[in-house]
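Q: Sharing a structure below in structure tokens format, with a few things to ask.
The values are calculated or read from the model by the stated rules, or taken from the named source; none is laboratory data. All values reported here derive from a predicted model rather than from experimental measurement. Here the Cβ is made from the backbone with ideal geometry for all residues, glycine too, and neighbour counts use every protein chain on show.
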Amino acid sequence: MRWLIAVFMLVLATASLAACGSSTGDDAGRRSGPTVVVTTTQLGDIARAVASDRAAVEQILKPGTDPHAYEPRPSDLRAIGDAKLVVRSGGDIDAWLADVLRGAGSSTTTITILDTLRPRREDPHWWQNPRTAVIAAQRIRDALIAADPPGRDAYAAGADSYVSRLLKLDAAIAGCMRRVPRADRKLVTDHDAFGAYADRYDIEVIGTVIPALSTQAQASGGEVARLVRTIRSAGVSTIFPESSVNQQLTKAIARDAGASVGAALYSDSLGRAGTPGSTYLGSLRANTSALVKGFSDGAVDCELPG
Ligand SMILES: [Zn+2]
């Protein structure tokens, strides 16, 4: 990694000369507040809601990319160099940022959402529970106020309005899920990313195609065969691929187990612009709709608030 950082620094120095006099990004010049760098697509969306029209949000990961597999770029170092605040998701999701920060010698204030949760979880996919996203929005609000005290009112208002939307959607998801009999709420996905969602809405995680919290692990032949048997014996009717993970093995397992393939879930990344999961709230709505339809063989569907 060290040589990579050295290359970064060289590219950064060259790029800084080339970009001399320009602002951080398109957004930064139009805002009166500071720039905050966030790693993931979910954090980007939450932070933009809290930042209102005051702070500028620079998001490292692009929609549809797998955060576990991300390789940092020189532009990430540049963004961090210009930022007043960095917000990390935490754990294996963006562990790569630690090397970038070290390499850049950055002293920018950094908060890591996973580390602020009590108790700190081993599972880094905290955003799958909207109630935890409420905590994330509040942490971002507090960090923005500390970085930019005159913006207090704007950040408090941004957080308040977003939190009320989150809580309304959370209650609606819980109500929607209750329409599916408990015994039919059996979840199989690509990797172990939905534990927080399953805990919140009382769903049993039967198994995952990649038997790990990261997408970078691989299932052995024995594990795949065991999962096929488990899906059959548990009577799982639908299994769910994920939009940012290769779906080939999942489709093969569904075939072998005699299960249907549900709509792809937004697990570790939001969707591209124009897709139902292009916002965090939209991803929760799309996932819930896919899950209740899959669990109930199409019998249950819900109108969820925006
Ligand atoms: Zn993941």
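Q: Test T279 against the criterion of being touching a Cys at 6+ places or on another chain (Cβ under 8 Å), at pLDDT 95 or above and not assigned by TED's automatic domain parsing to the domain that holds G64, and give yes or no.
A: No.
Q: What is the one condition in (1) more than 16 Å from the ligand (Cβ to nearest atom); (2) outside any helix (DSSP H, G or I) that G64 does not satisfy?
A: (1)
Q: I'd like the full set of residues that are assigned to a helix (DSSP H, G or I) and either touching a helix residue (DSSP H, G or I) at 6+ places or on another chain (Cβ under 9 Å) or farther than 22 Å from V180 by Cβ (or both), limited to segment 205-235.
A: Passing the criteria: G221, G222, E223, V224, A225, R226, L227, V228, R229, T230, I231, R232.
Q: Another question, then. Can you tell me how many residues in segment 253-268 are within 30 Å of V50 (Cβ to Cβ) and either in contact with a Pro (Cβ under 6 Å, 6 or more places away or on another chain) or crowded, with 23+ Cβ neighbours inside 10 Å (or both)?
A: 5
Q: Inside segment 278-306, can you point out the residues that are in contact with a helix residue (DSSP H, G or I) (Cβ under 8 Å, 6 or more places away or on another chain), in a helix (DSSP H, G or I) and over 23 Å from R165 (Cβ atoms)?
A: Within segment 278-306, F295 is the sole residue that qualifies.
Q: Any chance you could count how many residues in segment 47-62 are of a type in the set (A, V, I, L, M, F, W, C) and either within 15 Å of D94 (Cα to Cα) or out of contact with any strand residue (DSSP E or B) (no Cβ under 8 Å at 6 or more places or on another chain) (or both)? So that I can check it myself, show each step before the final result.
A: Kept after step one, since they are of a type in the set (A, V, I, L, M, F, W, C), are these residues of segment 47-62: 47, 49-51, 55-57, 60-61.
Then keep just the ones that are either within 15 Å of D94 (Cα to Cα) or out of contact with any strand residue (DSSP E or B) (no Cβ under 8 Å at 6 or more places or on another chain) (or both); that gives 49-50, 60-61.
So the count comes out to 4.
Q: Something else now. Can you list residue pairs whose Cβ atoms sit under 9 Å apart, with the first residue in segment 213-230 being outside the structural domain of H68 (by TED's automatic domain parsing) and more than 16 Å from the ligand (Cβ to nearest atom) and the second being of a type in the set (G, A, S) and in a helix (DSSP H, G or I)? Count only pairs 6 or more apart in sequence or on different chains.
A: V224/A252; L227/A257; V228/A257; R229/A257; T230/A257
Q: As an exercise: evaluate D202 against (1) assigned to a helix (DSSP H, G or I); (2) touching a residue at least 12 places away in the same chain (Cβ under 8 Å); (3) more than 16 Å from the ligand (Cβ to nearest atom); (4) under 26 Å from G91 (Cβ atoms) and give the number of the one condition it does not meet.
A: Of everything listed in (1) assigned to a helix (DSSP H, G or I); (2) touching a residue at least 12 places away in the same chain (Cβ under 8 Å); (3) more than 16 Å from the ligand (Cβ to nearest atom); (4) under 26 Å from G91 (Cβ atoms), D202 misses just condition (1).
Q: So the check is Cβ under 7 Å with 6+ separation or different chains; which pairs have a first residue in segment 115-142 that's assigned by TED's automatic domain parsing to the domain that holds R285 and more than 19 Å from D192 (Cβ to Cβ) and a second one that's of a type in the set (S, T, Y) and buried (at least 20 other Cβ atoms within 10 Å of the Cβ)?
A: Partner pairs satisfying both residue conditions: none exist.
Q: Quick one: what pairs do we get from segment 75-91, first residue at positive phi, second of a type in the set (D, E, K, R), C-beta under 7 Å, 6+ apart or different chains?
A: G90/D115
Q: Given the criteria out of contact with any Gly (no Cβ under 7 Å at 6 or more places or on another chain), more than 16 Å from the ligand (Cβ to nearest atom), at pLDDT 95 or above and among the small types (G, A, S), does S164 qualify?
A: yes
Q: Kindly evaluate V300 against the criterion of being modelled with pLDDT of 95 or more, not charged (D, E, K, R) and not assigned by TED's automatic domain parsing to the domain that holds Q248. Steps first, answer last, please.
A: On the way: modelled with pLDDT of 95 or more: yes; not charged (D, E, K, R): yes; not assigned by TED's automatic domain parsing to the domain that holds Q248: yes.
So V300 passes the test.
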